[in-house]
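A short worksheet on the structure shown next.
The values are calculated or read from the model by the stated rules, or taken from the named source; none is laboratory data. Because the structure is predicted, anything quoted here is derived from the model rather than measured. Here Cβ is always computed from backbone atoms with ideal geometry, including for glycine, and neighbour counts include all displayed protein chains.
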Amino acid sequence: MSSIINNSNANSALINTLNASESRMNPNVYSTKTIYPSCAVVYQETKKSSGTIGASQTITFDLMKYGIAQQVLLCYTKTGAGGTVKSFDFLDVIDRIELLSSSKVVDTLTNRDILAQLSDLSESQYYPLQKSLVNARGADASHLYCLPLVFGFFKDINTNLNLQFNEPMSIRVRFGPHPSNNAGVASDITDCYLKLRYKAYNEADFSEVLTQNYSEPELNIMTTGFYDENIAVATLGATDTDNGNNGTAVELKNTDCVNDFFIIVREQNTTDHSLPIAIKRVVMTASGQDIFDLSGQELFYSRLTENGFSLGGPTDATQNVVKIQMGLWEHLGSGSQSNTLSLRELNNPIIRVYFDGTGGSSYDVVVCERTLKIVSTVSSSGRMMNTLNN
């Protein structure tokens, strides 16, 4: 029965060409896939080592010099005397989070960067964040929130932090000016801690890591970080329903290499966070030329994947964050660096943002950039530092 199919295929020029290709592989010829060495995986709670929890206050967590850090969860408990907590409450609670090596900042995530990260997730990746961080909470006295701190080092298994070798590292959390907002009910953060997932190899496998990674004076790794441009403010006239024919211009002052631009528009509010609103058009120009110009339904297709289709993500207000990506969407942690854009030599790069708003209101227009950088670790001391951004 199968012979007629095989005989037909044998007379196909295309099939014969493919069978002669170097890429040909028979899947039924047994071969083992990549095998990682076995290791111990543990979750460890870390309490704050210094600082005070409160509005515009800072706390610091010293990370144990143990194994390789694969995941960091920032967990906090918020009480509200039985009051509900609105969605996206983390925008009030968190101002910025910094990763430090021997008291020197090597990476930063602001609350705007975190919002940009959420907007770039697939629906399945967004689900645990929606449940543990984003969604509104009921009228319980206590609410537990979990925020994964995905610095650039955690986006690829090759660049996870080797805390056992590196100089002492720490994480510093700065709270927002209004961390107690809670639907009009006074509330407080009563506890804040980290949960770290550590991977610890046996002595022989860890020695291999040290030998392979730190045989030269420095280990240079490629990773990403965020840079936030200065906020542009759009104030609408009393009868205006949009921000005009020219939109709102955000001048790009950064000179780094940028993989992705994230555009966020939020109504100004000095006592409470506001959710990102819908954007109807984004235009990026440089050196007198249009680089990006999409509007309306076209903006759904800005997240291009490797198969020619675009990615759909969150369906709540997070979807209002617009992304300009220079390469392809990183498919489920593939770790590929598909493209980047150097801003250094561009003349007068500007992103113009168009949106509908309410007359008499003011809006913050924010551009967050995911940048490419090289981080060096000194082999003799384990000290980490940013060494190259362009």
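Just one residue in the set I97, I68, I114 is within 30 Å of A139 (Cβ to Cβ) and in contact with a strand residue (DSSP E or B) (Cβ under 6 Å, 6 or more places away or on another chain); that residue is I97. Taking segment 309-331 as the range and being outside any loop (DSSP other than H, G, I, E, B) and either basic (K, R) or over 26 Å from D256 (Cβ atoms) (or both) as the test, the residues that pass are A317, Q319, K323.
Name the residue, out of N269, N243, that is in the same structural domain as S361 (by TED's automatic domain parsing), more than 28 Å from E123 (Cβ to Cβ) and surrounded by 18 or more Cβ atoms within 10 Å (Cβ to Cβ). Show your work before the answer.
Numbers: N269 fails: surrounded by 18 or more Cβ atoms within 10 Å (Cβ to Cβ).
None of the others qualify; the one that does is N243.
Return the residue satisfying two criteria in turn: it lies in segment 147-195 and is part of a strand (DSSP E or B), modelled with pLDDT of 90 or more and in contact with a Ser or Thr (Cβ under 6 Å, 6 or more places away or on another chain), and of such residues it is surrounded by the most Cβ atoms within 10 Å (Cβ to Cβ). Applying the filter and picking the extreme gives M169.
Would you check if there is a residue in segment 42-51 being part of a loop (DSSP other than H, G, I, E, B) and loosely packed, with under 11 Cβ neighbours inside 10 Å? Steps first, please.
Just the residues of segment 42-51 that are part of a loop (DSSP other than H, G, I, E, B), to begin with: 48-49.
Now narrow it down to the ones that are loosely packed, with under 11 Cβ neighbours inside 10 Å: none.
Checked against the condition, which is being part of a loop (DSSP other than H, G, I, E, B) and loosely packed, with under 11 Cβ neighbours inside 10 Å, segment 42-51 yields no hits at all.
Could you tell me whether segment 286-296 includes any residue that is of a type in the set (A, V, I, L, M, F, W, C), in contact (Cβ under 8 Å) with a residue 40 or more places away in the chain and buried (at least 20 other Cβ atoms within 10 Å of the Cβ)? Checking segment 286-296: not a single residue is of a type in the set (A, V, I, L, M, F, W, C), in contact (Cβ under 8 Å) with a residue 40 or more places away in the chain and buried (at least 20 other Cβ atoms within 10 Å of the Cβ).
Total residues in segment 29-50 satisfying the condition of being within 30 Å of D95 (Cβ to Cβ), in contact (Cβ under 8 Å) with a residue 12 or more places away in the chain and not charged (D, E, K, R): the figure is 4.
Working only within segment 196-220, note down all residues that are of a type in the set (A, V, I, L, M) and either exposed (fewer than 15 other Cβ atoms within 10 Å of the Cβ) or under 24 Å from T46 (Cβ atoms) (or both). Passing the criteria: L196, A200, A204, V209, L210. Against the test of being out of contact with any Gly (no Cβ under 6 Å at 6 or more places or on another chain), more than 27 Å from F153 (Cβ to Cβ), part of a loop (DSSP other than H, G, I, E, B) and free of Cβ contacts under 8 Å to residues at least 12 places away in the same chain, the options N16, N9, N26 yield a single qualifying residue, N26. Need pairs with beta-carbon distance below 7 Å; first residue under 21 Å from L118 (Cα atoms) and in the same structural domain as T190 (by TED's automatic domain parsing) and within segment 129-146, second among the small types (G, A, S) and assigned to a helix (DSSP H, G or I); sequence gap 6+ or separate chains. Filtered contacts from segment 129-146: Y145/S132; C146/S132.
R344 falls short on exactly one of the conditions (1) modelled with pLDDT of 95 or more; (2) loosely packed, with under 15 Cβ neighbours inside 10 Å; (3) among the basic types (K, R), and that condition is (1).
For segment 71-90, the condition holds for at least one residue, the condition being that it is closer than 30 Å to V265 by Cβ and in a helix (DSSP H, G or I).
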